[in-house]
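One structure is given here, and the rest of the page talks about it.
The values are calculated or read from the model by the stated rules, or taken from the named source; none is laboratory data. On a predicted model such as this, the values are computed, not experimentally measured, just so you know. All Cβ positions, even for glycine, are placed from backbone atoms using ideal geometry, and neighbour counts span all protein chains on display. Only protein heavy atoms, including side chains, enter the accessible area calculation; ligands, DNA and RNA are left aside. Shrake-Rupley method; radii C 1.70, N 1.55, O 1.52, S 1.80 Å.
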Amino acid sequence: MKSLLKHRLAWPVIALAALLLLNQVFRPDFLSLRMQDGHLYGSLIDIMRNGAPTILIALGMTLVIATRGIDLSVGAVVAIAGAASCAYIAASPEPGSPVTAATAVLIAVIAGLALGIWNGFLVSTIGVQPIIATLVLMTAGRGIAQLITGGQIISVSNDPYKSIGAGYLLTLPISILITAAVFILAAVLTRRTALGTLIEAVGINPVASRLAGLRSRNIIWIVYVFSAVCAAIAGLMISSNVTAADANNAGLYIEMDAILAVVIGGTSLAGGRYTLVGTVVGAFIIQTLTTTVYTLGIPPEVTLVFKALVVITVCLLQAPKARNLLSSLKAAPKPAAKEKVAI
Amino acid sequence: MVPVVEMTDIAIGFPGVKALDGVNFRLFPGEVHALMGENGAGKSTLIKALTGVYSIDSGTVTVLGEHKQFSTPAASQAAGISTVYQEVNLCPNLTVEENVLLGREPRRRGSIDWKGVRSRTREVLAELHLDQVDPGSLLSSHSIAVQQLIAIARSVEINAKVLILDEPTSSLDADEVNQLFRVIRDLRDRGVAILFVSHFLEQVYDISDRMTVLRNGKLVGEYMTRDLSRMGLISKMIGREMEALAELDQAPARTRARTDSGVTPFLETRGLGRKGSVSHVDLSVYPGEVVGLAGLLGAGRTEIARLIFGADKADEGSMAIKGASQRIRSPRTAIDLRIGFCSEDRKEEGLIGDLSVRDNLVLAMQASKGWARRIPRRVQDELVAEYIQALDVRPANPDALIRNLSGGNQQKVLLARWLVTHPELLILDEPTRGIDIGAKTQIQKLVSQLAADGMSILFISSELEEVLRVSDRIAVIKDRAMVADINNDDVSVEDVMTVIAGGAQ
């Protein structure tokens, strides 16, 4: 039990379970799932579906953070990807056809690739600090998205496109399936190849990594491209869900949620060791919190404060100092921690 | 006499490592007590337990008869225990007086009384015969030796009852060591208990009154220095019998590599240099040859190694590998040309601390394969097991985090990182610094053996004896340039010193 509690994922998982239980207490049907018209329904499904864009972006963010970086531009990439795909569909001669939808998806992903290459170029080749480099696109990106949409909200009506964010396949929402696929892809890509270890090496000690012959430039480039592509797919989901592109509000502040998910999940902002599973748990915690606010009927004006309290608690529970304080309150004084656990 | 510090039955464990197990330790006032043991024996851990950096799993600590449980370094300091580390941990950008009195400045009506600070600092410095140091000068303007003495001045100022000196002499020259020892004896005579840790046996015999020997996290015993011979001490440290020791101590016997005409050197540099760093390096290393770089600390040895490895870019001169002219712009280029480089700064430039021994060991090999072609786990396991055994890495656990290993064992893993890539030239910068005798001899033997197998080795060390023992040829570096190239035929330390002192050949 004790060693289980020491596992780096222990506290995030406990926090998530506690939140879900809390909901179950207030709404006894909370955890139940039901089948209707061949689709699975229930609060858990809602949480996963609504959290899908955040999870996607947080997965990309995890790898970026593991290299000691950060990507603030993901929200802007969401807006650009949505704007580009919707603008294409709206302008195409056959705005309802599946081919148009597929092309729109392709355009969004290519836009993500290009934006990721730009971020990676600034960070790895020019050597701009990640926070500054991605701030450029964070600010400029919304402008680009507005240029694409001409300052308007572009509404589209294309059923295949709509299904990305709102459709079902094999009883499950397609957005959940896409997210699961990206998660598996990321896990396989980093752990079946040496990419994961090399990302961690660069994040832990860049100097030693260089002297060991590691081309950190390529590694850093890969993570920024991956992050932007994740953001582009999230942008597709968000715009598809509302069948419209909103350059101003799509993915607004989503970078903050993503960073938070990474941190709650147990990956240190200082870089190095990362956990994709932890990030997914972290994103679920954030999304469940939002649901909890509705379940408990917390007034909207204190919602943010409530969220902040939960997040701070989870982060503190992972900090060695706070844990020691806690255990010294519980039992006889136990001195300093020997193992540093990343917050 | 009552001990100032008494530690009884101390145990500390880390994931995968039992660092200390049932260790007793006493420290008496007015004595210099040396803590001896190989790397990984548990010296640093014991010190960190005493200074509150690590918490102990079991056992008791008493200071002046009082039970203590230090949970922070501050608690330990408050109990009168003061530590001066190998790397001086003061603030280089503050003045001497600010450093000496940091956090305890005399005050007058709420603000710092700078006159008081100045006079108090002068007093303390005078006690340590450091009158020549200006209290208002920046700490960073002084040599490491003086900085270390200033760190000691700080503990004198707080009236420390226990002073811990962890490898204080590793970057000092002989005169500086004498100055430090004068201060240590002074403090001892005033009743301060001094815990002294050093790898230099002669210094330990020179300064210490009593010693405690640790091995593999266990207590071997406590001895009066005058009762224990050097050989006796060494055999207690490494836990082997005298005969085995004598064999270990032998200079590795091997025939010196021939560098006859007709053979192409693996590496040849002509006038290699870099602005503001080193210049005029004409160095050649033949296959199967060990070339030693001799010179004082700061003479430019490491800089030369970094130029050859591409860690820094050369901007003058030329370099040829196997006769073909090459421009090495990055470590990666060097590695592709089959060159390996073990940096002198293990922690900053070698280790990936939070990764396992396994990941660290295969890192260079994996890096040159690229991220997409992961070395299969089975191959990794075989390699790691092979090298852990061959180099006697302890603990022999591939999954242990490398930062939890002792310095000597970390060094072995870093060596193995290069050996698995089968380099043709291996540059070793201070491979035996801060390492115990056992590991040191192992590494020296390994170097000779690698060269006998045909590898070229560039061997850098501050210890001239060591350079002479392993090298076929010696390049002498002075004042950031190469001044001589000597064949190592019965060359003595004095000969090399003469060259360093005299300049030209």
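Values for this structure:
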item: Inter-residue pairs, beta-carbon under 8 Å, first open to solvent by less than 30 Å² (accessible area, probe 1.4 Å) and in region B:428-452, second aromatic (Phe, Trp, Tyr) and modelled with pLDDT of 85 or more, 6+ apart; result: B:Leu428/B:Phe459; B:Asp429/B:Phe341; B:Pro431/B:Phe459; B:Val447/B:Phe459
item: Selection from region B:323-332 of residues that are surrounded by 15 or more Cβ atoms within 10 Å (Cβ to Cβ) and either facing chain A (nearest Cβ under 9 Å) or farther than 29 Å from B:Ser462 by Cβ (or both); result: B:Gln326, B:Ser330, B:Pro331, B:Arg332
item: Qualifying positions in region B:185-220 - surrounded by fewer than 16 Cβ atoms within 10 Å (Cβ to Cβ) and at positive phi; result: B:Gly191
item: Evaluation of B:Asp9 against (1) among the charged types (D, E, K, R); (2) within 14 Å of chain A (Cβ to nearest Cβ); (3) surrounded by fewer than 18 Cβ atoms within 10 Å (Cβ to Cβ) (one fails), failing number; result: (2)
item: Test: residue in region B:64-84 that is outside any strand (DSSP E or B), at pLDDT 85 or above, under 28 Å from the mean Cα position of the chain (by Cα) and more than 14 Å from every other protein chain (Cβ to nearest Cβ); result: yes
item: Qualifying residues in region B:453-479 (those that are in contact with a helix residue (DSSP H, G or I) (Cβ under 7 Å, 6 or more places away or on another chain) and open to solvent by 10 Å² or more (accessible area, probe 1.4 Å)) - the one nearest to B:Gln442 (Cα to Cα); result: B:Arg469
item: Residue tally, condition part of a helix (DSSP H, G or I) and within 21 Å of B:Arg433 (Cβ to Cβ), over region B:334-363; result: 7
item: Which listed residue, of B:Gln366, B:Gln389, B:Gln380, B:Gln411, is in contact (Cβ under 8 Å) with a residue 40 or more places away in the chain, outside the structural domain of B:Gly16 (by TED's automatic domain parsing), polar (S, T, N, Q) and in a helix (DSSP H, G or I); result: B:Gln411
item: Test: residue in region B:294-313 that is open to solvent by less than 10 Å² (accessible area, probe 1.4 Å), assigned to a strand (DSSP E or B) and away from chain A (no Cβ under 11 Å); result: yes
item: Odd one out for B:Thr51 among (1) within 14 Å of chain A (Cβ to nearest Cβ); (2) open to solvent by 50 Å² or more (accessible area, probe 1.4 Å); (3) under 25 Å from B:Ala145 (Cα atoms); result: (2)
item: Failed condition for B:Ser111, given (1) small (Gly, Ala, Ser); (2) open to solvent by 50 Å² or more (accessible area, probe 1.4 Å); (3) under 24 Å from B:Leu130 (Cα atoms); result: (3)
item: Condition met for A:Ile117 (surrounded by fewer than 15 Cβ atoms within 10 Å (Cβ to Cβ), out of contact with any strand residue (DSSP E or B) (no Cβ under 9 Å at 6 or more places or on another chain), closer than 28 Å to A:Ile220 by Cβ and touching a residue at least 24 places away in the same chain (Cβ under 8 Å)); result: yes
item: Selection count, region A:230-272, where residues are open to solvent by 30 Å² or more (accessible area, probe 1.4 Å) and among the hydrophobic types (A, V, I, L, M, F, W, C); result: 8
item: Residue ID - most open to solvent (accessible area, probe 1.4 Å), chosen from residues in region B:389-415 that are more than 18 Å from the chain's Cα centre (by Cα) and farther than 20 Å from B:Arg215 by Cβ; result: B:Gln389
item: Matching residues, region B:129-160, being outside any helix (DSSP H, G or I) and closer than 11 Å to B:Thr83 by Cα; result: B:Ala160
item: Failed item, numbered, when A:Ile70 is tested on (1) crowded, with 22+ Cβ neighbours inside 10 Å; (2) assigned to a helix (DSSP H, G or I); result: (2)
item: A:Ile153 being crowded, with 17+ Cβ neighbours inside 10 Å and either modelled with pLDDT of 90 or more or on the phi < 0 side of the Ramachandran plot (or both); result: no
item: Subset tally (residues that are over 21 Å from A:Val188 (Cα atoms) and more than 7 Å from every other protein chain (Cβ to nearest Cβ)) for region B:346-364; result: 5
item: Lone qualifier among A:Ala232, A:Ala250, A:Ala180 - being assigned to a helix (DSSP H, G or I), in contact (Cβ under 8 Å) with a residue 60 or more places away in the chain and away from every other protein chain (no Cβ under 13 Å); result: A:Ala232
item: Candidate set from region A:193-218 (those that are closer than 30 Å to A:Ile164 by Cβ and at the interface with another protein chain (Cβ under 7 Å from one of its Cβ atoms)); member that is surrounded by the fewest Cβ atoms within 10 Å (Cβ to Cβ); result: A:Thr193
item: Residue among A:Thr292, A:Thr313, A:Thr288, A:Thr275 that alone is polar (S, T, N, Q), more than 14 Å from every other protein chain (Cβ to nearest Cβ) and open to solvent by 10 Å² or more (accessible area, probe 1.4 Å); result: A:Thr313
